[in-house]
1. Just give me the residues in the range 37-71 being of a type outside the set (Asp, Glu) and open to solvent by 80 Å² or more (accessible area, probe 1.4 Å), in sequence order.
2. Anything in the range 33-43 that is among the charged types (D, E, K, R) and farther than 17 Å from residue 86 by Cβ? List them, or say none.
3. For the range 15-32: of the residues being assigned to a helix (DSSP H, G or I) and of a type in the set (Gly, Ala, Ser), which is nearest to residue 81 (Cα to Cα)?
4. Closer than 16 Å to residue 18 by Cα, modelled with pLDDT of 90 or more and surrounded by 14 or more Cβ atoms within 10 Å (Cβ to Cβ) - does that describe any residue in the range 113-120?
5. Looking only at residues that are under 17 Å from residue 78 (Cβ atoms) and of a type outside the set (Val, Ile, Thr) in the range 26-67, which one is modelled with the lowest pLDDT?
6. Which of the residues that make up the range 76-89 are buried (at least 18 other Cβ atoms within 10 Å of the Cβ) and of a type in the set (A, V, I, L, M, F, W, C)?
7. Filter the range 1-25 for residues that are at pLDDT below 95 and over 24 Å from residue 128 (Cα atoms) and give the result.
8. Looking at (1) assigned to a helix (DSSP H, G or I); (2) touching a helix residue (DSSP H, G or I) at 6+ places or on another chain (Cβ under 8 Å), which is the one condition that is false for residue 60?
Amino acid sequence: QERNPWWLLGAMALVWVADIAAYFTGRAYGRHKLAPSISPGKTWEGVAGAVVAVLIYGVAVALLAGIAPLEKLGWAPLLLMLTGVSVIGDLFESMIKRQAGVKDSGNLLPGHGGFLDRLDSQTSTLPLVALILLVAPL
């Protein structure tokens, strides 16, 4: 069945929002390490910032789509799950790099951990979004 391409952009933006919010929240308030042996810079405060930002993003998207956010409150657990998968994907890619003994996954984006660091959360989240779109009556 055909799906609106905005779903893809919306899912990708969700991951970007989570990633950016986690980074800035973690830098500002991060005290409790999430997985220090895998990725020492990630914090639980960063995860909390990602969750809050994704929920705000969900409300903003609902309003832009002309949907009353409270009507779609049931989407909050889905947004939280996708945020969690995004964080896990980020940690998984960090673990693979650490096991391989490399800091960056390439030189294409210097200072950003390489190209894979821009896709790590996407590669874990987008297949789940595709599955949800396949089975959910949206």
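The values are calculated or read from the model by the stated rules, or taken from the named source; none is laboratory data. Everything quoted here is computed from the prediction, not taken from an experiment. For neighbour counting, all protein chains shown are included, and Cβ atoms are generated from backbone atoms with ideal geometry for every residue, glycine included. Areas reflect the complete protein model, heavy atoms only, side chains present, ligands, DNA and RNA absent. Shrake-Rupley method; radii C 1.70, N 1.55, O 1.52, S 1.80 Å.
1. If we filter the range 37-71 for residues that are of a type outside the set (Asp, Glu), which is where we start, we get 37-44, 46-70.
37, 44, 52, 56, 63, 64, 70, listed by residue number.
2. 33
3. If we filter the range 15-32 for residues that are assigned to a helix (DSSP H, G or I), which is where we start, we get 15-29.
Filter once more, so that each one left must be of a type in the set (Gly, Ala, Ser): 18, 21-22, 26, 28.
Numbers: 18: 12, 21: 16, 22: 15, 26: 20, 28: 24 Å.
Only one residue tops the list, namely 18.
4. From the range 113-120, those closer than 16 Å to residue 18 by Cα are 117-120; that's our starting set.
Still in the running and modelled with pLDDT of 90 or more: none.
No, the range 113-120 contains no residue that is closer than 16 Å to residue 18 by Cα, modelled with pLDDT of 90 or more and surrounded by 14 or more Cβ atoms within 10 Å (Cβ to Cβ).
5. My answer is 65.
6. First, pick out the residues of the range 76-89 that are buried (at least 18 other Cβ atoms within 10 Å of the Cβ): 79, 82-83, 85-87, 89.
Residues satisfying the conditions are 79, 82, 85, 87.
7. Residue satisfying the conditions is 24 alone.
8. Here residue 60 clears every test but (2).
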